[in-house]
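Here is the structure we will look at.
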Amino acid sequence: MLKSGVAMDTITFNTMIFTCGSHGHLSEAESLLDKMEERQISPDTRTYNIFLSLYADAGNINAALECYWKIRNVGLVPDIVSHRTILHILCERNMVREVEAVIEEMKRSSQKIDVHSVPGIVKMYINEGLHDRANNLLDKFQIDVGFSSKVRAAIIDAYAERGLWAEAEAVFYGKRDLLGPEKGVLEYNVMVKAYGKAKLYDKAFSLFKGMRNHGTWPDEVTYNSLIQMFSGGDLMDQARDLLDEMQGAGFKPQCLTFSAVIACYARLGQLSDAVDVCQEMVKAGVEPNEVVYGSLINGFAEVGNVEEALKYFRMMEESGIPANQIVLTSLIKVYSKLGCFDGAKHLYKKMKDLEGGPDIIASNSMISLYADLGMISEAELVFKNLRENGQADGVSFATMMYLYKSMGMLDEAIDIAEEMKQSGLLRDCVSYNKVMACYATNGQLRECAELLHGMIGQKLLPDRGTFKILFTVLKKGGFPSEGITQLESAYLEGKPYARQAVITSIFSVVGMHALAIESCETFTKAEVALDSFAYNVAIYAYASSGEIDKALKTFMKMQDEGLELDLVTSINLVHCYGKAGMIEGVKRIYSQLKYGEIKPNDSLVKAVVDAYKNANRHDLAELVNQDIRFGFDSQQYSDSEN
């Protein structure tokens, strides 16, 4: 054109600018704008609209804004495309202030926002938490022009993405122009999505059932969404029925839909149903993907069916789908459970060749397998690699601790326990229990009590495993065996405050008296009737902490409640009297024991001896020992005098 002298106009340049810019040659497009000015060809609004889009695609937002404001500066007027483009650019980046500046400028020019820009503005407000501004905008537009079904669907979807189902519902059921369109299938689909994200499955299903009554028929998207939603919520009856209905209506389910159903069946352990759906999938002409194979392999691995797991692994490889971390991890787990060292080691080595290497589950499974086989150095090597890569989790530490403890390497087990504690990996009952058990085995009873305190501080309720360890701590800590038996019985029967009484006893026996008293007073100050075990623990706790008056007042309250003194009460009272140097009290209980008023018991005799020693009356302690040596054998008492 240049050589032939053919005159070029704005349309020519616009076309060339668009062609160069859309092919990535933005600098050439900008040079064409300069040539327009050289030839005194004025750019029009479309010229600037093209640059708006080009700058946005290049991510140069400042240039796009300058381009938009320049339209008026050169004496032109932004058109609907200008406004729609700049609002789209700014809304996508949640630039609220800039968007509102453009809207304000449009108002001054008596120009209205294009209805197709509304979903983007609403989404921006929602993303920024400005829900009131979004609602005000929607109210204004519904009054002014109303919305098409497509625009409504886009607005509902903006709320659905954020899980705001009630707001989405308000738009879905909102007022419509009487002459406007009925709800389209797209609106129903995004409303189903909103309910699904909120796990409101009943609402989603009810909406689906009511579609036809309002003249709208479900499409493939409707069925796929509902089936995937119900599968994710483990509602297999509904998911299966809809899968059958979908195919009966002539629709072909997506691979994702089939895989969601199969994964759910596998997760629930209904493996025969999962296999049936997989076969149905193949008949429908949909090729299984890695998710399908992974679900089946993992499902069979979980139940220890190695043959079926390997069968689907081979089928996966034959179909050309490379094994991923999830699949290999599943197989390693099953090999680990069965103790198949060679198979697990081969797969673990294979995982090392994958990008990212073995995942934490596979590595932990290998540590567990090595631990079961007593292969210390191999387990240490895997654990070391995990630590160096910052991947070691609570399971890794707990498994290594179990390995060392089972091999009698208590020092190493304690080191792991300490590191686990310092690393902040104690986050649940299981992890706390494993560390506590390690400390208990090593006789570090105070550390166990400190862990118990930390566990309670994290609002974690001790479980059955915790209490099993706590009773071991009481036995090792010298708590009277009869008291432990009484507490265990109360705990197993689920008596009120039994758990709290055990915790109080733990703090007392290790010398954490302030915590023991604090724990004790949760039930001693409760306005409920207490059993003997609770009073016995309170007497022990108060006496151990040196609060003798409170211990004796608790004993008197116990009598006032009409509760009879049992053997544990006598032992704890002797403990209390000894602490306080109340020799006469100790003598009285020993006399009752010696002359058959209290049933013979080794623990009570030991308590008497200890009480005399605590009161610095070694002479009386020796007299008791002489009584035992000269025929007063605690194992041979009778109800009559010797």
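The values are calculated or read from the model by the stated rules, or taken from the named source; none is laboratory data. Here the structure is a predicted model, which is why all the values come from computation and not from measurement. Neighbour counts run over all protein chains shown; Cβ positions are idealised from the backbone, glycine included.
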- Task: Filter the range 239-275 for residues that are acidic (Asp, Glu) and either surrounded by 15 or more Cβ atoms within 10 Å (Cβ to Cβ) or in contact with a strand residue (DSSP E or B) (Cβ under 8 Å, 6 or more places away or on another chain) (or both) and give the result.
- Result: 273
- Task: Say whether the condition of being under 24 Å from residue 87 (Cα atoms) and β-branched (Val, Ile, Thr) is met by at least one residue in the range 26-42.
- Result: no
- Item | residue 540 vs. criteria among the hydroxyl-bearing types (Ser, Thr, Tyr), crowded, with 24+ Cβ neighbours inside 10 Å and modelled with pLDDT under 95 | yes
- Query: Taking residue 456 and the conditions (1) touching a helix residue (DSSP H, G or I) at 6+ places or on another chain (Cβ under 6 Å); (2) of a type in the set (Val, Ile, Thr); (3) touching a residue at least 40 places away in the same chain (Cβ under 8 Å), which numbered condition does it fall short on, given that it satisfies the others?
  - Reply: (1)
- Just wondering, is there one or more residues in the range 278-299 that are more than 22 Å from residue 227 (Cβ to Cβ), surrounded by fewer than 24 Cβ atoms within 10 Å (Cβ to Cβ) and either acidic (Asp, Glu) or at pLDDT 85 or above (or both)? no
- Within the range 98-119, tally of residues that are in a helix (DSSP H, G or I), touching a Leu at 6+ places or on another chain (Cβ under 9 Å) and charged (D, E, K, R): 1
- State whether the residues of the range 387-396 include one that is among the acidic types (Asp, Glu) and either in a helix (DSSP H, G or I) or surrounded by 23 or more Cβ atoms within 10 Å (Cβ to Cβ) (or both). yes
- Given (1) closer than 30 Å to residue 67 by Cα; (2) surrounded by fewer than 19 Cβ atoms within 10 Å (Cβ to Cβ); (3) at pLDDT 80 or above, residue 184 misses just (1)
- Item | Pair list, Cβ under 6 Å, 6 or more apart: the range 403-416 residue over 10 Å from residue 438 (Cα atoms) and touching a residue at least 60 places away in the same chain (Cβ under 8 Å), other residue surrounded by 14 or more Cβ atoms within 10 Å (Cβ to Cβ) and hydroxyl-bearing (Ser, Thr, Tyr) | none
- State all residues of the range 54-63 that are assigned to a helix (DSSP H, G or I) and surrounded by 14 or more Cβ atoms within 10 Å (Cβ to Cβ); if no residue qualifies, say none. 54, 55, 56, 57, 61, 63
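When residues of the range 352-367 are filtered for being surrounded by 22 or more Cβ atoms within 10 Å (Cβ to Cβ) and either assigned to a helix (DSSP H, G or I) or touching a Ser or Thr at 6+ places or on another chain (Cβ under 7 Å) (or both), how many remain?
Count: 6.
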- Determine, yes or no, whether residue 236 is touching a residue at least 12 places away in the same chain (Cβ under 8 Å), under 21 Å from residue 247 (Cα atoms) and touching a Gly at 6+ places or on another chain (Cβ under 6 Å). no
- Message: Condition (residue is among the aliphatic types (A, V, I, L, M), in a loop (DSSP other than H, G, I, E, B) and surrounded by 19 or more Cβ atoms within 10 Å (Cβ to Cβ)) applied to the range 398-416: is it met by at least one residue?
- Response: no
- Within the range 194-216, identify whether any single residue is surrounded by 14 or more Cβ atoms within 10 Å (Cβ to Cβ), free of Cβ contacts under 8 Å to residues at least 40 places away in the same chain, farther than 21 Å from residue 147 by Cβ and touching a Pro at 6+ places or on another chain (Cβ under 9 Å), and answer yes or no. yes
- Item | Selection status of residue 591, free of Cβ contacts under 8 Å to residues at least 60 places away in the same chain, surrounded by 15 or more Cβ atoms within 10 Å (Cβ to Cβ), more than 23 Å from residue 494 (Cα to Cα) and among the polar types (S, T, N, Q) | no
- Flagged pairs (Cβ under 9 angstrom, 6 or more apart or on separate chains; first in the range 546-562, part of a loop (DSSP other than H, G, I, E, B); second surrounded by 14 or more Cβ atoms within 10 Å (Cβ to Cβ)) are 546/513; 546/579; 546/580; 547/513; 547/517; 547/541; 561/530; 561/535
- Message: Need pairs with beta-carbon distance below 8 Å; first residue assigned to a helix (DSSP H, G or I) and within the range 308-321, second of a type in the set (D, E, K, R) and surrounded by 16 or more Cβ atoms within 10 Å (Cβ to Cβ); sequence gap 6+ or separate chains.
- Response: 316/290
- Within the range 177-193, can one find any residue that is without any contact (Cβ under 8 Å) to a residue 12 or more places away in the chain, part of a loop (DSSP other than H, G, I, E, B) and more than 26 Å from residue 293 (Cβ to Cβ)? yes
- Note on the structure: Residues of the range 138-165 being surrounded by fewer than 18 Cβ atoms within 10 Å (Cβ to Cβ) and within 19 Å of residue 93 (Cα to Cα), in sequence order, are 161, 162
- For the range 69-82, does any single residue satisfy the condition of being at pLDDT 85 or above and in a helix (DSSP H, G or I)? yes
- Could you check how many residues of the range 369-384 are in a helix (DSSP H, G or I) and either surrounded by fewer than 16 Cβ atoms within 10 Å (Cβ to Cβ) or touching a helix residue (DSSP H, G or I) at 6+ places or on another chain (Cβ under 7 Å) (or both)? 11
- Message: Tell me yes or no: at least one residue of the range 360-377 is among the small types (Gly, Ala, Ser) and over 30 Å from residue 447 (Cα atoms).
- Response: yes
- Task: Return the only residue of 37, 66, 28 being of a type in the set (Asp, Glu) and surrounded by fewer than 13 Cβ atoms within 10 Å (Cβ to Cβ).
- Result: 37
- Message: If I ask for residues that are assigned to a loop (DSSP other than H, G, I, E, B), surrounded by fewer than 17 Cβ atoms within 10 Å (Cβ to Cβ) and either charged (D, E, K, R) or under 26 Å from the mean Cα position of the chain (by Cα) (or both), which ones from the range 461-489 would you list?
- Response: 461, 463
